[in-house]
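Input: a single structure, listed below in structure tokens.
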Amino acid sequence: MFLNGTNSLRSAALASRILAASSFKNLQKLLYFIHRMKKFLTIVKAFWQRALTYRFTVLAYRIGEIGETLALILMWSAIYGGQKVIGGLTLQEMITYILVGNFFNAIIRNFLSSVVSHDIKDGRLSMFLIRPMSYFNYILSREIGRISLSTLMSVLSSMLIIIFFINTFIWNFDVAYFLIIVAMVILAFVVELFLSYLIGLISFWTDEVDGIYATIDRIKKFFSGGYFPINLLPLMFVQVSFALPFAYSFFVPAQLYLKKLDLSVGLKGLLIQIVWILILYGIIKIVWGRGLKRYEGVGT
């Protein structure tokens, strides 16, 4: 009896020590996570403050977005003329397609390639190679700050246009479609972030990436349906567009919003986006590793 009681006490004490050690490790992980998040949020806050110092630039971009959207609506209104349906869309649906698609495009757009390119060319990348926070994590923090501000401004400018076309805009409150669209736009943001980052890394080999970015940007807009709905193109081009990631940043989510595409198409699109994210991530790892070997930044 006495031995059994002693063994029970030892077992309880051992269990307490194991639990305490486990709790301590979990606490360490939590504190480390909080520390990393503080760094992340500090960068986000700093970029917000920096962006707000350029109020005129922010305002100019919003005016440009509104002007571009209105120009597209006026152009398609003229194209329709007396026609009721073009490409399976009525004029009312086309206007909604433009408004919704441009809103999604404003959310995912970034200028990361230019930032990465200048950091490499000007030697600023050297500073990040000796810091505990990786360069990519810093860039991600910076873009989250930009995108949160851009999204807020884009929502306001988009709402102004939607209010102007309130009698024309089509509303969709279907929860299932909404959830897939949100997931698709988030993945489209990651694809755009990775692609832009990858274009910026080309500066390891060349001094100028603006021309490359401009060319790729036009290709993206064409295959995304930004110029016109891609279902107006021959079937072969539509199939190519659906195999690439770009259609899921404009055409597909806008068509899902209009319920012109089935939910199964949206789910398949999410899988295609995930595959492209993995492909781009793998390419980035390879290009980054090889690029660093060539890197001759200031001070290195």
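Take the residues in segment 170-211 that are in contact (Cβ under 8 Å) with a residue 40 or more places away in the chain, part of a helix (DSSP H, G or I) and of a type in the set (Val, Ile, Thr); name whichever of them is farthest from residue 112 (Cα to Cα).
180
Among what's in segment 213-230 and is touching a helix residue (DSSP H, G or I) at 6+ places or on another chain (Cβ under 6 Å) and outside any loop (DSSP other than H, G, I, E, B), pick the residue that is modelled with the lowest pLDDT.
Residue satisfying both the conditions and the ranking: 213.
Suppose the filter is within 21 Å of residue 177 (Cα to Cα) and part of a helix (DSSP H, G or I); does residue 239 pass it?
no
If the requirement is being modelled with pLDDT of 95 or more and under 23 Å from the mean Cα position of the chain (by Cα), which of these qualifies: 61, 97?
Values: 61 fails: modelled with pLDDT of 95 or more.
Result of the check over 61, 97: 97.
Can you work out which of the residues in segment 245-269 that are buried (at least 16 other Cβ atoms within 10 Å of the Cβ) and aliphatic (A, V, I, L, M) is nearest to residue 171 (Cα to Cα)?
The first filter runs over segment 245-269 and keeps only residues buried (at least 16 other Cβ atoms within 10 Å of the Cβ), leaving 245-258, 260-261, 266, 269.
Restricting the remaining residues to those that are aliphatic (A, V, I, L, M) gives 247, 252, 254, 256, 258, 261.
On the way: 247: 22, 252: 17, 254: 12, 256: 12, 258: 8, 261: 16 Å.
Across segment 245-269, the extreme among qualifying residues is 258.
The values are calculated or read from the model by the stated rules, or taken from the named source; none is laboratory data. Every value quoted in this text rests on a predicted model; they were computed, and no experiment measured them. When we count neighbours, we look across all protein chains shown, and the Cβ atoms used for this are built from the backbone with ideal geometry, even at glycine.
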